Amino acid sequence: MPLPQRKEKYTYQDYCQWPDDERWELIGGVAYNMTPAPSFRHQTILINLGAIFRVALKGKTCVPGAAPTDVVLSEEDVVQPDLFIVCDRQKITEKNIQGAPDVIVEILSPSTSKKDRWDKRALYEKFGVNEYLLVYPEGKYMERFLLGEDGLFDHGQAFEEQDALQLKTVADVEISLPDVFAMDFLDESDHR
C-alpha cells in the first residue's frame with residue numbers, strides 16, 4: 001500500500017498515522033517498506049538468538065527486544081531492528097524505545113542486505129549504538145562492529161559458524177554461533 005501522501009521527508013508523527021498492518025522504517029526521513037516478510041530461516045535465527053539473549057540477561061539490568069518494536073532515534077529516524085539490547089531502562093516506553101539501544105542485531109535478507117550493511121550501519125554509528133551485529137544466514141557467519149571512543153565503528157570482525165562471540169558492551173553474554181544457526185528440529189527432507 002502506498003504512503004498516505006508523498007513528502008520529501010517523513011517524521012515520526014507521520015509514521016504513527018500509517019496503517020497498523022504495514023511495517024515501515026524511517027532513515028533520514030526516507031520511508032522504507034519492510035515487506036516481504038522475513039524467511040523461515042531468518043525467523044529461526046531470530047528466535048535462537050533471542051533465546052540466548054533472554055537467558056543471558058535474566059535478572060540483569062539490560063533488556064532484550066525484538067522486531068517489530070519501534071526504536072525512535074530522532075524525529076526522522078525510526079527503525080525496527082531484528083533484535084536489540086537496551087541497558088538504560090529509561091529509554092523503554094510502553095510504545096517504543098526512545099534512543100539508541102546498546103546492542104543492535106540485524107539478520108540480513110536479500111531485500112534488506114544493502115540497507116542493513118550501509119544505511120543502518122551509518123545510522124547506528126551516528127546515534128551511538130555501542131555494538132552492531134550483522135548476521136549472514138546463507139553464509140552462516142556474523143560480523144561485529146564496535147563503536148570507538150572517536151564515535152566511529154571499527155572495521156568489523158567476522159565470526160564463523162563454529163565460533164563463539166562474547167559481547168563487549170554487555171557482560172556475560174556469549175553467543176554460540178552453532179546455536180544461532182541451529183535448525184536441528186528439521187530433517188534434511190524439510191530443507192527446500
What angle do you read, to the nearest 10 degrees and between 0 and 90, between the alpha-carbon axis of helix 40-57 and the longest principal axis of the chain? 80
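In region 1-84, what GluC sites (Glu not before Pro) fall in a loop by DSSP, with at most 12 other Cβ atoms inside 10 Å?
On the way: sites: Glu8, Glu22, Glu25, Glu75, Glu76; in loops: Glu8, Glu22, Glu75, Glu76.
Passing both the DSSP loop test and the Cβ count: Glu8, Glu22.
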With no solvent and one point per C-alpha, what does the Debye sum give as log10 I(q)/I(0) for region 38-190 at q = 0.18 Å⁻¹? -1.11
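Rounding to the nearest 20 debye, state how big the charge dipole of region 57-151 is about its Cα centre with +1 on each Lys and Arg Cβ and -1 on each Asp and Glu Cβ.
Details: 13 positive and 17 negative charges, 68 e Å.
Dipole about the Cα centre, nearest 20: 320 debye.
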Across every pair of different alpha-carbon atoms, what Kirkwood hydrodynamic radius in Å does region 41-96 reach? 12.1
Under the rule that a partner needs its Cβ under 4.7 Å from the first Cβ, which Cys of the chain have none? Cys16
Taking other Cβ within 10 Å of each residue's Cβ, how do Cys16, Cys62 sort, fewest first? Cys16, Cys62
Just the number, please: percent antiparallel of the DSSP beta bridges in region 38-190, rounded to the nearest 5. 80
Which peptide among 168-176, 52-60 comes first, and what is the full order, when sorted by highest mean count of other Cβ atoms within 10 Å? 168-176, 52-60
Counting other C-beta atoms within 10 Å, which of Met34, Met142 has the fewest, and how do the rest follow? Met34, Met142
Please work out the ratio of the alpha-carbon Rg of region 64-124 to 2.2 N^0.38 Å and round it to two decimals. 1.07
Along principal axes, Cα extents of region 1-122, largest first, whole Å: 45, 33, 27
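Relative contact order for the chain: what is it in percent, counting Cα pairs under 8 Å that are at least 6 residues apart?
16
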With a point put 7 Å past each Cα toward its Cβ, work out how far Lys126 is from Ser39 in nm, to one decimal. 3.0
What distance in nm separates the two pseudo spin-label positions at Val55 and Arg23, each 7 Å out from Cα along the beta-carbon direction? 2.5
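Readers should treat all values here as calculations from the given coordinates under stated rules, not as data from a laboratory. Quantities reported herein were computed from a predicted structural model and do not represent experimental measurements. All Cβ positions, even for glycine, are placed from backbone atoms using ideal geometry, and neighbour counts span all protein chains on display.
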